[in-house]
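S.K.: Here it is: the structure, laid out below.
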């Protein structure tokens, strides 16, 4: 029985975005262990039957001695677990895990890049320095012998190739983490005042401020809801005082982190994600499966989720006025919302099933183990 180890800096993310891989790998006969910092997600994963190995890592940590401890601990875990195959998810897991894999002779490595993240979106000298450090780290990780890199969209591949970090790497394109189509069935929109939902963590680079500004511009023609939790320690996090002010002024509702996304989407008339860049946003795939009209930005990942604008409306990034104009059109027309929702549902059911995504991963695992 081959031993597959998933390494991630937040087990909650693995539960929300990759649980089908964990369960599917176990059903396929792999012994599965998850390495992640302590948190609620680890207990969920333990309940589904996989082994867990807590990792001494602070997800947002930047102190050199703490990071050195995290790297050393991961190396010790690899020596103890003796994996046949490791699947690194999120940047720190990929960078530290690739170093640990090289040092401990792990012969098969998968590095999943789901978007280029905050550092690549930021400006300023500090961000430039960090990008150079990450560039060197990516080059090392993505060219590890016996490894493959999973990318979710063409733009990320082009960006990484322009940085020179994919030279010689084995690249596999798997577009997103898929949707459980039985859990997200196509449903008619509800009656009542239109509800526009932004389903994402409360980060500036998710376009939260542009969404709020668009809501201000449109006024009371609809309800506008932020559906997502705060991300403490993330430099792109929206300050709580700003969020409270928006809610107190009646501009938007804040529903917090929700685990019942099918119910959230049943209540929605339009789903909006004005993000600055994504890998392949799962929230939009789920919205498409349920037949909701989608408005998102014409950027990497987001445009891929709506087939380049064929199944959802695209607007320029960081442009609240353009966002308000398109949202206003959809809010005013139920037939137009249905037209876009029908297109989205048909596309999602043909292209975004979890079964297809799982099969692609299992095929990749088998090929790496065969060498």
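The values are calculated or read from the model by the stated rules, or taken from the named source; none is laboratory data. Values in this document were obtained by computation on a predicted structure and should not be read as measured data. Note: ideal-geometry Cβ built from the backbone for every residue, glycine included; neighbour counts use all protein chains shown.
S.K.: Can you name the condition, by its number, that residue 214 falls short on among (1) surrounded by 18 or more Cβ atoms within 10 Å (Cβ to Cβ); (2) more than 22 Å from residue 332 (Cα to Cα)?
M.R.: Residue 214 satisfies all of (1) surrounded by 18 or more Cβ atoms within 10 Å (Cβ to Cβ); (2) more than 22 Å from residue 332 (Cα to Cα) except (2).
S.K.: Now for a different question. Of the residues in the range 236-247, how many are in a loop (DSSP other than H, G, I, E, B) and either over 26 Å from residue 9 (Cα atoms) or in contact (Cβ under 8 Å) with a residue 12 or more places away in the chain (or both)? Spell out how you get there, then give the answer.
M.R.: First, pick out the residues of the range 236-247 that are in a loop (DSSP other than H, G, I, E, B): 236, 238-239.
From what's left, either over 26 Å from residue 9 (Cα atoms) or in contact (Cβ under 8 Å) with a residue 12 or more places away in the chain (or both): 236, 238.
Looking only at that region, the number is 2.
S.K.: Collect the residues in the range 38-74 that are in a loop (DSSP other than H, G, I, E, B) and closer than 30 Å to residue 359 by Cβ, keeping them in residue-number order. It would help to see each step written out before you state the result.
M.R.: So the first thing to find is which residues in the range 38-74 are in a loop (DSSP other than H, G, I, E, B), and the list is 38-39, 48-50, 55-63.
Within the range 38-74, 39, 48, 49, 50, 55 qualify.
S.K.: Could you tell me whether any residue of the range 308-330 is surrounded by fewer than 20 Cβ atoms within 10 Å (Cβ to Cβ), at pLDDT 95 or above, within 18 Å of residue 151 (Cα to Cα) and not assigned by TED's automatic domain parsing to the domain that holds residue 174?
M.R.: Yes, some residue in the range 308-330 is surrounded by fewer than 20 Cβ atoms within 10 Å (Cβ to Cβ), at pLDDT 95 or above, within 18 Å of residue 151 (Cα to Cα) and not assigned by TED's automatic domain parsing to the domain that holds residue 174.
S.K.: Which of the residues belonging to the range 155-176 are within 25 Å of residue 348 (Cα to Cα) and in contact (Cβ under 8 Å) with a residue 60 or more places away in the chain?
M.R.: Answer for the range 155-176, where residues must be within 25 Å of residue 348 (Cα to Cα) and in contact (Cβ under 8 Å) with a residue 60 or more places away in the chain: 155, 156, 172, 174, 175, 176.
S.K.: Working carefully through the options 283, 300, find the one that is touching a residue at least 40 places away in the same chain (Cβ under 8 Å) and more than 19 Å from residue 180 (Cα to Cα).
M.R.: 300
S.K.: Only one of (1) under 21 Å from the mean Cα position of the chain (by Cα); (2) at pLDDT 90 or above is not met by residue 154, so which one is it?
M.R.: Condition not satisfied by residue 154: (2).
S.K.: When you go through (1) under 16 Å from residue 290 (Cβ atoms); (2) over 21 Å from the mean Cα position of the chain (by Cα); (3) surrounded by fewer than 21 Cβ atoms within 10 Å (Cβ to Cβ) one by one for residue 193, which number turns out not to apply?
M.R.: Status for residue 193: all satisfied but (1).
Residues checked against (1) farther than 25 Å from residue 41 by Cβ; (2) not in a loop (DSSP other than H, G, I, E, B):
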| site | (1), (2) |
| --- | --- |
| 256 | no, no |
| 259 | no, no |
| 291 | yes, no |
| 295 | yes, yes |
| 299 | yes, no |
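S.K.: Among the residues of the range 77-85, is there at least one that is at pLDDT 95 or above, touching a strand residue (DSSP E or B) at 6+ places or on another chain (Cβ under 6 Å), crowded, with 18+ Cβ neighbours inside 10 Å and under 27 Å from residue 155 (Cα atoms)?
M.R.: no
S.K.: Of the residues 219, 250, 233, which single one is assigned to a loop (DSSP other than H, G, I, E, B), without any contact (Cβ under 8 Å) to a residue 60 or more places away in the chain and either in the same structural domain as residue 316 (by TED's automatic domain parsing) or touching a helix residue (DSSP H, G or I) at 6+ places or on another chain (Cβ under 7 Å) (or both)? Give the derivation first.
M.R.: Numbers: 219 fails: assigned to a loop (DSSP other than H, G, I, E, B); 233 fails: without any contact (Cβ under 8 Å) to a residue 60 or more places away in the chain.
Result: 250 is the single residue among 219, 250, 233 that is assigned to a loop (DSSP other than H, G, I, E, B), without any contact (Cβ under 8 Å) to a residue 60 or more places away in the chain and either in the same structural domain as residue 316 (by TED's automatic domain parsing) or touching a helix residue (DSSP H, G or I) at 6+ places or on another chain (Cβ under 7 Å) (or both).
S.K.: Being under 15 Å from residue 201 (Cβ atoms), touching a strand residue (DSSP E or B) at 6+ places or on another chain (Cβ under 9 Å) and surrounded by fewer than 15 Cβ atoms within 10 Å (Cβ to Cβ) is the filter here; which residues of the range 239-257 pass it?
M.R.: 256, 257
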